[in-house]
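This report refers to the structure that appears directly beneath it.
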Ligand SMILES: Cc1ncc(COP(=O)(O)O)c(C=O)c1O
């Protein structure tokens, strides 16, 4: 019998898959969206059912600009925002409009693994740069720039997927100065910028940019719901016009006018702020649960930093461990994770694994990590 699938990840009930990097299904805001939808569909305004304006509904962009201004700590003009169907599409559109096949993209090592898929689709050549606990190492970037110039540098500056690392303010400023000096663009994937649980991160990368070097991609996937497929690109109006002039938008009109109209209500009513605050509390507790369980179950076998935000723990094991090879053994114990090799542009990082604390509640996280302990723990 074939199973009719509806979601991208559907772990069987017996498995705790800590490899899934999504908000927990228990947290998805059904009631909130039911109310926003009823409100938006109550009147006679059917514009949300038309082809949309290429840059996205102006009222939604205004509400988004106000929301981001309040959270980013600097004024964000709605004219610098364009609606997308998520951060992934934002990245793909930028690659499509600002690179040629064969161009080079610099990434950190590790990097968000699915960005690598988008770069492959666009026939881009990827070069991995060294990182430390604070993200891309500027001196290493300078060294590489002496040898070659990329079209793009892609990074997740805040609460990186997978490492949780956050680039400090000085490095942000230096990165932008290097992009200016060596004439390349930076794509800052800032999907975790608002998900801080302890200390606030530095402002988004665009804050350090005066010259149109930084294009930022953002999303409602991690702060509201991924199924909305709603995000944005923040860039200069000229850069946005280049994207908005693409054949895709010319033919299909602006992206996601229907959903953006529903989320406009969520923003204007202040519900997004309330929901975000609730999420931060829940995720903060889940971080603690995972840190405690890792210390208890894996002890000295695992080395990790407790993340200050985002979704992930990035766990380093002994150099001889190959997490990809050991995944089937973990799955046989009813637990999954994402092997480190996925996050490498050159088949390395084999002794790392990424664990997500966002998908399961605290008790399930503890059980999952205990199962990991029977595969990787001290003395195994
Ligand atoms: C760094 C990063 N970028 C992009 C995405 C996907 O975002 P979206 O759902 O907005 O396409 C994710 C989701 O895991 C992510 O971690």
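Data for the structure
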quantity	calculated
Global form of segment 70-164, assessed from the alpha-carbon gyration tensor, a/c cut-off 1.5	oblate
Calculated over segment 152-220: convex hull of Cα atoms, volume per residue (Å³)	82 Å³
Fewest-first ranking of 45, 273, 103, using other Cβ atoms within 10 Å as the exposure measure	45, 273, 103
Ranked list, fewest to most other Cβ atoms within 10 Å of each Cβ, for 51, 283, 154	51, 283, 154
Helix-derived mean residue ellipticity, 222 nm - over the chain, DSSP H n ≥ 4, -39500 (n - 2.57), to 500	-12500 deg cm²/dmol
Fully extended contour minus Cα-Cα distance, from residue 66 to residue 305, at 0.36 nm per residue	82.7 nm
Computed E for residue 26/residue 199 - FRET, C-beta separation, R0 22 angstrom, nearest 0.05	0.25
P(r), alpha carbons of segment 293-380 - 5 Å bins starting at zero, rounded %	3, 15, 25, 30, 18, 7, 1, 0
Residues of segment 362-376 with amide N under 17 Å of a point placed 7 Å along Cα→Cβ from residue 332	371-376
Normalised per residue, the volume of the convex hull around the Cα set of segment 11-156 (Å³)	199 Å³
Rg followed by Dmax, in Å, when the chain is reduced to its Cα trace	20.9, 67
Segment residue 242-residue 182, extension gain: residue separation times 0.36 nm, minus the distance between their alpha carbons	19.4 nm
Most to least packed among 223-229, 88-94 [average Cβ atoms within 10 Å]	88-94, 223-229
Beta bridge orientation in the chain: antiparallel %, DSSP, nearest 5	50 percent
Estimated FRET transfer efficiency when R0 is 22 angstrom, pair residue 348-residue 320 (beta carbons, to 0.05)	0.95
Per-residue Cβ neighbour rank within 10 angstrom, fewest leading, 364, 323, 198	198, 364, 323
Global form of segment 144-298, assessed from the alpha-carbon gyration tensor, a/c cut-off 1.5	oblate
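Throughout, read-outs are computed from the coordinates displayed, never taken from laboratory work. These figures come from a predicted structure and were not determined experimentally. Using ideal geometry, Cβ is built from the backbone for each residue, glycine included, and neighbour counts are taken over all protein chains shown.
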